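Student: Handing you this structure, nothing more for now.
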Number of protein chains: 2
Amino acid sequence: MSGNGTTTPSGLRLNPNERREHILRAALEAFHTKGYGQTSVRDLADAVGMSIAGMYHYFAAKDDILFAIIESAVDRLLAELTAARDSAETPEARIRTMLAATVRVVVENRAEIRIQLDNADKLAPERRETIRDRLRESVRMVRAEFEQLQLAGQLEELDLNVVTFAMYGMANWVYHWYDPDGPVDMETLTDQLAEILFHGVLK
Amino acid sequence: MSGNGTTTPSGLRLNPNERREHILRAALEAFHTKGYGQTSVRDLADAVGMSIAGMYHYFAAKDDILFAIIESAVDRLLAELTAARDSAETPEARIRTMLAATVRVVVENRAEIRIQLDNADKLAPERRETIRDRLRESVRMVRAEFEQLQLAGQLEELDLNVVTFAMYGMANWVYHWYDPDGPVDMETLTDQLAEILFHGVLK
């Protein structure tokens, strides 16, 4: 095994960014299957073929790895929401693409979300606040579009927060029940959620 | 301090059921403020004025107390859903009262839900399964009403699971954002969520 951070156990050479990603993927797998508390830095070092000293070059502590996993999932949500919003012309179309983006990110990041839900109490308060701030930003992005609909007189007489969190709640709840290999494909899921939402909130 | 389980620190006499409730309330408070991991059985015994031996008469281990707190919140949800369902005549009215009951239980049991979310991984697998089974039962109760609407031809062309979890998601998500002391009162909240849902799903 190599402690210099440049090769995998199979001998593949990695640059520092790839190495960091490699550690995060191995940690995601280990935290998901064995649990965060049951995984040691030694286990992770072994999994990626590095020494503990080599690991410290990338992450000084296990909770830095936990934070990096959660942060990267939340950043992916924000990036996809931004791309979705910027791809559409009207507030309604923007909300529709943002709903689809949220569902997609939730479905494709189930392992990260599970780790976040199970271990939120293990993050330092300021890091929890960082994650919460970015999630609040994702809410503000959606709310701003509903506000446009309201200003244009297209929204029913509904509180903007209730509408925004109704959308956010139905989109995020797919984490708890939706199986992408089950009878409802993801396009049908997002179409039907959008139908429920827009029939429900638009005049 | 008394170890016989019949008096509180203030000298109030309690029967065994009241004593059990007293322990659970003290544990809820301690787990909520200090965290489950940071609360010892000794802390709880001190808080209720019992010896550790006296506590064991009610709960053999700290995770028995954790389970009892979560179980009682879930049982309250099922009891309120059943009462709500049985109080209304039509499927639509039943879903409306069940939505209001879910929101009410979530808002009034925020501490219990937080403890459940933060400590789910500390319950034994068979206990986690018990909680999951009862939550599945709550979903089945709502789904059965949507199925009645579908059979009566009143539902849009929507998958029953998507509809059920859209409702369940918006109702449960209030945990993450709704402040009962804020500008939207609980009746307005449930009325607006019901409006979004029924405009969204009914023909």
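The values are calculated or read from the model by the stated rules, or taken from the named source; none is laboratory data. The structure presented is a predicted model; accordingly, all values stated were derived computationally and were not measured. Every residue, glycine among them, receives a Cβ derived from its backbone with ideal geometry; neighbour counts consider all protein chains shown.
Student: Kindly indicate the residue of segment A:139-157 that is within 30 Å of the chain's Cα centre (by Cα) and away from chain B (no Cβ under 14 Å) and also farthest from B:Thr188 (Cα to Cα) among those meeting that condition.
Tutor: The qualifying residue farthest from B:Thr188 (Cα to Cα) is A:Met141.
Student: Right, next: Considering only segment B:120-138, how many residues are under 16 Å from the mean Cα position of the chain (by Cα) and among the small types (Gly, Ala, Ser)?
Tutor: Of the residues in segment B:120-138, 2 are under 16 Å from the mean Cα position of the chain (by Cα) and among the small types (Gly, Ala, Ser).
Student: Now for a different question. So the check is Cβ under 8 Å with 6+ separation or different chains; which pairs have a first residue in segment B:110-137 that's over 16 Å from B:His32 (Cα atoms) and a second one that's β-branched (Val, Ile, Thr) and surrounded by 17 or more Cβ atoms within 10 Å (Cβ to Cβ)?
Tutor: As it stands, the answer is B:Leu123/B:Ile70; B:Leu123/B:Ile131; B:Ile131/B:Ile70; B:Ile131/B:Val74; B:Arg134/B:Val74; B:Leu135/B:Val74, since those pairs meet every condition given.
Student: Looking only at residues that are within 17 Å of the chain's Cα centre (by Cα) and surrounded by fewer than 19 Cβ atoms within 10 Å (Cβ to Cβ) in segment B:74-103, which one is farthest from B:Gln192 (Cα to Cα)?
Tutor: The qualifying residue farthest from B:Gln192 (Cα to Cα) is B:Asp75.
Student: Okay, moving on. With A:Arg143, A:Arg114, A:Arg136 as the choices, which residue is more than 28 Å from B:Val163 (Cβ to Cβ) and in a helix (DSSP H, G or I)?
Tutor: Selected residue: A:Arg136, the only one of A:Arg143, A:Arg114, A:Arg136 that is more than 28 Å from B:Val163 (Cβ to Cβ) and in a helix (DSSP H, G or I).
Student: When you scan segment A:146-192, how many residues do you find that are outside any helix (DSSP H, G or I) and free of Cβ contacts under 8 Å to residues at least 12 places away in the same chain? Can you show your working first?
Tutor: Taking segment A:146-192 as the starting set, the residues that turn out to be outside any helix (DSSP H, G or I) are A:152-159, A:178-185.
Imposing the further condition that a residue be free of Cβ contacts under 8 Å to residues at least 12 places away in the same chain reduces the set to A:157, A:159, A:179, A:181-185.
Residues flagged as outside any helix (DSSP H, G or I) and free of Cβ contacts under 8 Å to residues at least 12 places away in the same chain within segment A:146-192 amount to 8.
Student: Collect the residues in segment A:108-138 that are surrounded by 17 or more Cβ atoms within 10 Å (Cβ to Cβ) and of a type in the set (Val, Ile, Thr), keeping them in residue-number order.
Tutor: A:Ile113, A:Ile115, A:Ile131, listed by residue number.
Student: Then there's this: What do you reckon, is A:His176 facing another protein chain (nearest Cβ under 7 Å) and either at pLDDT below 95 or in contact with an Asp or Glu (Cβ under 8 Å, 6 or more places away or on another chain) (or both)? Outline the logic, then answer.
Tutor: On the way: facing another protein chain (nearest Cβ under 7 Å): no; either at pLDDT below 95 or in contact with an Asp or Glu (Cβ under 8 Å, 6 or more places away or on another chain) (or both): yes.
The answer is no for A:His176.
Student: While we're looking at this one, here's another question. Consider A:Thr164 carefully, then state whether it is modelled with pLDDT of 95 or more, facing another protein chain (nearest Cβ under 10 Å) and surrounded by 14 or more Cβ atoms within 10 Å (Cβ to Cβ).
Tutor: Taking the combined requirement at face value, the residue satisfies it.
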